[in-house]
Each structure stands twice: as C-alpha cells, then as structure tokens.
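Here is the structure we will look at.
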Amino acid sequence: MAAPQRPLSPFMIGPYYRPQITSVLSLTHRATGVALAIGAFVLAGWLLAVAGGSESFACFSEYAGSLLGRIGLSVFAIALVYHFLNGIRHLLWDVGWGFEIPKVYATGYALLALWVVLSAAIVYVGWTAGGAA
C-alpha cells in the first residue's frame, strides 16, 4: 500500500494545515517587515524634503497631512508597533525563555492585546493632536 502524498513542511496553510496563532503571527511579522521596508523609502523622502529646503518640505508636509498620507502613516505606525512587540518576543526566545507551548500561546495573545491597545493609542494621538498636518 502506497503512503499518501503529503507535503514535507507546512508550506500550505489551509489545504494541509490548520492555521495556528504561531503561524499567523509569523506571517504577520514578515508582512509588517515588508511594510516597514516600504515605509523606510517614505522616511528617506522626508529626509530629502528636509534637506531640500522649506519649499520641498512644505510639499511633503502637505502630502503627509492629506487623508491618504495620514492613512499611510497610521498603517506604518501599526506595522511598527506589531513588529517591535513581536521582535521583543523573538529576543526572549533567543535567550531561551518562552519555548513551552503554553508560553508561546500566552505571549502570542499578550502580543495581540498590547498591539491593539498601543496602536490605537498612537493612531488616536496622531489623528487628534495634528499628526503630520
């Protein structure tokens, strides 16, 4: 009797493997890393605008203060908070703390709770206190 054909690693979440918090947090960490890399280009544009003088800085500030700019800055802040908190979690793993399955799940849920609270606070302050405008 032939053995069933199964993948050797969990490369296909869904058809073969049920999504778990660990896999979802890992994928989200990678996605936020990509978003932060894209945001680094915006940061470089801001620095070029600062170096370019008051006219170029005013142009950049006008874009950053628009609705689209504020949404982009909010997405960047949300990605930064998640990536930072999950990075701390990975640093704890690097020193050997938190590898037990209950701790992995507990730190995952704690990460999500802190992420929502901190992101909401940062975005709220950014939108109500003037933000980029």
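Points worth noting:
- Full-stretch length increase - Val75, Leu91 - with 0.36 nm per residue and alpha-carbon distance subtracted: 3.4 nm
- Two-site label geometry, Tyr105 and Thr128: point separation in nm, points 7 Å out along Cα→Cβ: 3.6 nm
- With R₀ fixed at 30 Å, the C-beta to C-beta distance from Ala113 to Phe41 puts the FRET efficiency at about 0.45.
Every number here is computed from the coordinates shown, using simple stated rules; none is lab data. Everything numeric here is computed off the predicted structure, so don't read it as measured data. Glycine also receives a Cβ, built like all others from the backbone with ideal geometry; neighbour counts cover every protein chain displayed.
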